[in-house]
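To keep things clear, I will list the structure first and then write my remarks on it.
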Amino acid sequence: MRKPFLSLLIIAALGSQPVLAQDGAAPFDGELQRMSEILGALHYLRGICGNNEGNKWRSEMQALVDAETPSGDRRSRMIAAFNRGYNGFQQTYRTCTPAANTAIRRHVEEGARISRDLTARYAN
């Protein structure tokens, strides 16, 4: 499951300067924010479902931030999205349930799709 997320990190690391629109936002910021939210959700859900991954998903988020090197508002939005993903499921699930496992599977699938789409759209 780790491979799809790594390809997103490769995209984020392309070039020394991110591709920015006039307002300073990258054209793929929406996808990066959604990926951040997915990583936050997985960090919480995989933890309660006993996958013994420790901080794997938090580390993936840190790697994404390190690769993209956003500053100011862009960085704040990515971190807020991670926290939103984490907190949203923390309020819903206290223990691992079949629905929590379904949410994990769907988030992994969506993260892989986002990664593939970004790779196809922005890779040189």
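In terms of overall dimensions, the C-alpha atoms belonging to the range 28-122 reach 36, 27, 20 Å along their principal axes, ordered largest to smallest. Inter-label distance, ARG121 to GLU53: 2.4 nm, where each label sits 7 Å from its Cα along the C-beta direction. Here the spin labels are modelled as points 7 Å beyond Cα on the Cα-Cβ line, and at ARG105 and ALA67 they lie 2.6 nm apart. For the range 48-56, the Karplus equation 6.51 cos²θ - 1.76 cosθ + 1.60, evaluated at θ = phi - 60°, returns couplings of 6, 8, x, 7, 6, 9, x, 9, 3 Hz by residue, with Gly and Pro reported as x.
Rule-based calculations on the coordinates, nothing more; no lab input. Not measured: the values here are computed from a predicted model. Using ideal geometry, Cβ is built from the backbone for each residue, glycine included, and neighbour counts are taken over all protein chains shown.
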